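Single-structure report; data block below.
The values are calculated or read from the model by the stated rules, or taken from the named source; none is laboratory data. Nothing here was measured: the structure is a model prediction, and the numbers come from that model. Methodologically, a virtual Cβ is constructed for each residue, glycine included, from the backbone with ideal geometry; neighbour enumeration extends over all protein chains shown. The protein model used for the area step is the full one, side chains on, heavy atoms only, and it has no ligands, DNA or RNA in it. Shrake-Rupley method; radii C 1.70, N 1.55, O 1.52, S 1.80 Å.
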Amino acid sequence: MRLVGRAYQFLADRGVLANFGKCKNIVLEGPREVTPTVLKEMTGLEAIKLAPKKWGLSGNSSYVLIGFLGGVSYLLNQGVDVRANLAAILGLVAADAMFLGGTCVAQISCFWPPYKRRILVHEAGHLLTAYLMGCPIRGVILDPFVALRMGIQGQAGTQFWDEKMEKELAEGHLSSTAFDRYCMILFAGIAAEALVYGEAEGGENDENLFRSLCILLDPPLSVAQMANRARWSVMQSYNLLKWHKKAHRAAVKALESGHSLSTVIRRIEEAISSDK
C-alpha cells in the first residue's frame, strides 16, 4: 500500500490526479454534534433511511416473503411436497451465513441486475470519497468469492490506505481528524445508496467495523457518542457525494463496464473537470 501511495502522490504532483485529496480538509469544518433532526435537515432523509438493513431486510422484503410463501402453498396444494427440499435449502443458506458470511447467496444474487447495480453504487461511494479525501485506492473487489479469499468481510470491498491513520495507530494514538476521515470513507457506501435510491440497504459490515474501531479508542466512545459520530460521518459523505454526483455516476458506469481502476479514476477526473 505504501508503493500504491507513492504512485498516487507521483501522479498528483504532476497534475495527472488534479482532484486527488481536494476535499481532505472537510473534516476540519463544521460542528460534530448531529442530531437526527439536523441529519434530516441536511440530507432530506430520516436517520432510518441512512442505516443498513439488518439481515437483508428492505422495503421489498415483505412482498418477496409473501410471494415465496404463496409459491410454497400453491405447490403443496398441487400435491408437490417441497418440505424436504425446502429444509435442505434453508439449512444451506444458514450455513452459508454462519461460515461464509453469505458469500454463496451473494454470488447468486449478483446475477440479479438491480442487486448488482446497488453493490456498484455502494462501492463507487467508498472509492470516490477515499479519492477526494486523499486516501490511495488499491482496488475494488466486486466478486464475493474473491472478497472471501482476500479476507474482506461482506460481499464486496474497496481497498484504500490512510497513511496518517496508520502512523498514528502505530504510535498508540488516533487524532480526531484521522478518525473522522476514515469514518467518512467507511460510511460513504451507505450514503451513496441513500443518495441514489432514497435509502440504504447494504453497509452492515461497514457499521460493524466502525463500532470495533470506536471501542479501540482511548477512552472508547459511548453508545450515544458512536451514534452521533455515525450521523456526522454519513451526513458529510452524503453531501460530498451530492456535490460530486456526476463523478459518482461516472465511477459506477466505469465499474459496471468492468474497466480497470486507472480507467475508473480517469473517468472521475473527467467528470469533475467537465462539471466545473
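Gain on full extension, evaluated as 0.36 nm per residue between Arg249 and Lys164 minus their Cα-Cα distance, stands at 27.7 nm. Full extension of the chain between Thr35 and Lys22 gives 1.9 nm of extra length, using 0.36 nm per residue less the Cα-Cα distance. When all protein chains stay in place and ligands, DNA and RNA are ignored, the 1.4 Å accessible-area order of Leu17, Leu261, largest first, is Leu261, Leu17.
If the chain linking Asn208 and Ser257 were pulled fully straight, counting 0.36 nm for each residue of separation and taking away their Cα-Cα distance, it would gain 14.6 nm. Cross-linked pairs Lys24/Lys49; Lys53/Lys164; Lys116/Lys246; Lys164/Lys253; Lys49/Lys164: Cα-Cα separations exceed 29 Å for Lys53/Lys164; Lys164/Lys253; Lys49/Lys164. Applying 1/(1 + (r/R0)^6) with R0 = 35 Å to the Cβ-Cβ distance of Ser222 and Ser273 gives a FRET efficiency near 0.20. Ligands, DNA and RNA aside, His126 has an accessible area near 10 Å² when probed at 1.4 Å. Phi angles of the range 232-244 translate, via the Karplus equation with coefficients 6.51, -1.76, 1.60 and θ = phi - 60°, into HN-Hα couplings of 4, 5, 5, 5, 5, 5, 4, 5, 4, 5, 5, 5, 10 Hz per residue; Gly and Pro are given as x. With Cβ to Cβ distances under 14 Å as the rule, what net charge do the other residues near Ala7 carry (K, R +1; D, E -1)? Its environment carries a net charge of +2.
A cut-off of 5 Å between modelled amide H atoms, ignoring neighbours fewer than 5 places along the same chain, links Phe160 with Arg138.
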